[in-house]
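So the structure is just underneath, and the comments pick up after that.
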Amino acid sequence: MKLTWQGQSTNQETQTGDDGQFSFTGIPAGPYQLSVTADGFATKNSSGVLHPGENANLAQITLPLATEVTEVRVELTPVEVAQEQMKDEEKQRVFGFIPNFYVTYVPNAAPLNTRQKFELAWKSTFDPVTFLFVGAAAGIQQADDQFSGYGQGAQGYAKRYGAGYADVVTSTFIGGAILPSLLKQDPRYFYKGTGSKRSRLLYAIANSVICKGDNGHWQANYSSILGSLAAGGISNLYYPSTDRGAGLTFENTAIGIGATAAANILQEFVIRKLTPHLPSSALATP
C-alpha cells in the first residue's frame, strides 16, 4: 500500500502483516491519500485529513475482486480453412448447374488434405450432371458408331455409357485424389484473374503441365500426366480390342493435356463470368 499527502513530493509504502495490520510513522499533518493494492483484487483508494498530534486509526479496508478481462481469439486450423473453402468450391456451377469444383478463385487457398481430395473427387464423379454428360457422350458415340466393337442397340449404349463413366471415375480419382495425395500436389486450377491477357493466357496453358504443390510451390503436374496415362492403361481392360494399345493410351494422354490447356483458358477468361456462386473473396477480382 502507498500513502501520499498533499504538498509533498515523496510518499511512503508498506506491506501489511500476516494479520492484515499496517502502520505509517512520521506523517505530516494535512490531507493524505491511501492506496491499497493486492494481487487479484481491485485497488482501493481512501483519503482523509491527519491533524497535528493525531494517531489515525482506519476502519477495516475490504478490497473488491478485480474484474478479469479475458481475450479469447478463435482461429481455424489450415484443414478447417481448406474445408470452408472447399464448401464454396462445391457451390460453383457454370450456368448454375454444371459442376465447376476443380477451380479455386482464392489465390492463397489452403491446401487440401487427403480426405478432402477424395471428397472433392467423389462429389465430382457422383454429381447428377456428370451422369447426364456421360449419357449424352455415349449417345453421340453410338450415333457415330464409335467403338463399333460394342455394337448397337441398348446393349451397345450401355457398354459405351459404362466405359465413359469408368473413364471419368478412374481419371478423376487417380489424377485428382490418389496421385495428388501421394505426391502432395493440389489438383485444382488456381484462377489468376490479374495481369495482361497474354500473361493470363500463358499461365492457363502452363497449368496443363504444372500445378501448385501442397507446400505452395509450383511444380510439374505429375499427378495429372501420370493419372491420364494410368486411366488410359486401365481403359484397355474394357474398350473393344480394336481400340486398345499403348499408342492409343499415349495419344489420348497428349489429347488430354491439350484439352486441359483449353479448359484452363476457358476458366481464366470465360467460365468465371458464367458461375453465379463465387466465394466472397473472389468477387473483387476481374
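The values are calculated or read from the model by the stated rules, or taken from the named source; none is laboratory data. Bear in mind that the values here come from a model prediction, so they are computed numbers and not experimental data. Cβ placement follows ideal geometry from the backbone for every residue including glycine, while neighbour counts extend to all protein chains displayed.
In contact (Cβ under 8 Å) with a residue 12 or more places away in the chain, among the acidic types (Asp, Glu) and within 21 Å of residue 234 (Cβ to Cβ): does that describe residue 167?
In short, yes.
Yes or no: residue 201 part of a helix (DSSP H, G or I) and either surrounded by fewer than 17 Cβ atoms within 10 Å (Cβ to Cβ) or among the hydrophobic types (A, V, I, L, M, F, W, C) (or both)?
Here the answer is yes, as residue 201 does meet what is asked.
Picking from 109, 42, 82, which residue would you name as being touching a Phe, Trp or Tyr at 6+ places or on another chain (Cβ under 9 Å) and of a type in the set (Gly, Ala, Ser)?
109
Return yes or no: is residue 142 without any contact (Cβ under 8 Å) to a residue 12 or more places away in the chain, over 23 Å from residue 83 (Cα atoms), among the polar types (S, T, N, Q) and assigned to a helix (DSSP H, G or I)?
no
Can you name the condition, by its number, that residue 203 falls short on among (1) in contact with a helix residue (DSSP H, G or I) (Cβ under 6 Å, 6 or more places away or on another chain); (2) in contact (Cβ under 8 Å) with a residue 24 or more places away in the chain?
Just one mismatch for residue 203, condition (1).
Of the residues that make up segment 50-68, is at least one under 30 Å from residue 177 (Cβ atoms), assigned to a loop (DSSP other than H, G, I, E, B) and out of contact with any Cys (no Cβ under 8 Å at 6 or more places or on another chain)?
The answer is no, given that none of the residues of segment 50-68 is under 30 Å from residue 177 (Cβ atoms), assigned to a loop (DSSP other than H, G, I, E, B) and out of contact with any Cys (no Cβ under 8 Å at 6 or more places or on another chain).
Name the one entry in 176, 162, 156, 149 that is crowded, with 20+ Cβ neighbours inside 10 Å and assigned to a helix (DSSP H, G or I).
Only one candidate qualifies: 176.
Every residue in segment 205-222 that is touching a strand residue (DSSP E or B) at 6+ places or on another chain (Cβ under 8 Å) and within 17 Å of residue 259 (Cβ to Cβ), please.
Listed by number, the residues that qualify are 207, 209, 210, 211, 221.
Within segment 114-132, is there a residue that is in contact with a Pro (Cβ under 7 Å, 6 or more places away or on another chain), in contact (Cβ under 8 Å) with a residue 60 or more places away in the chain, surrounded by 15 or more Cβ atoms within 10 Å (Cβ to Cβ) and assigned to a loop (DSSP other than H, G, I, E, B)?
no
Take residue 259 and tell me if it is assigned to a helix (DSSP H, G or I) and at pLDDT 90 or above.
When the stated conditions are applied, residue 259 does not pass them.
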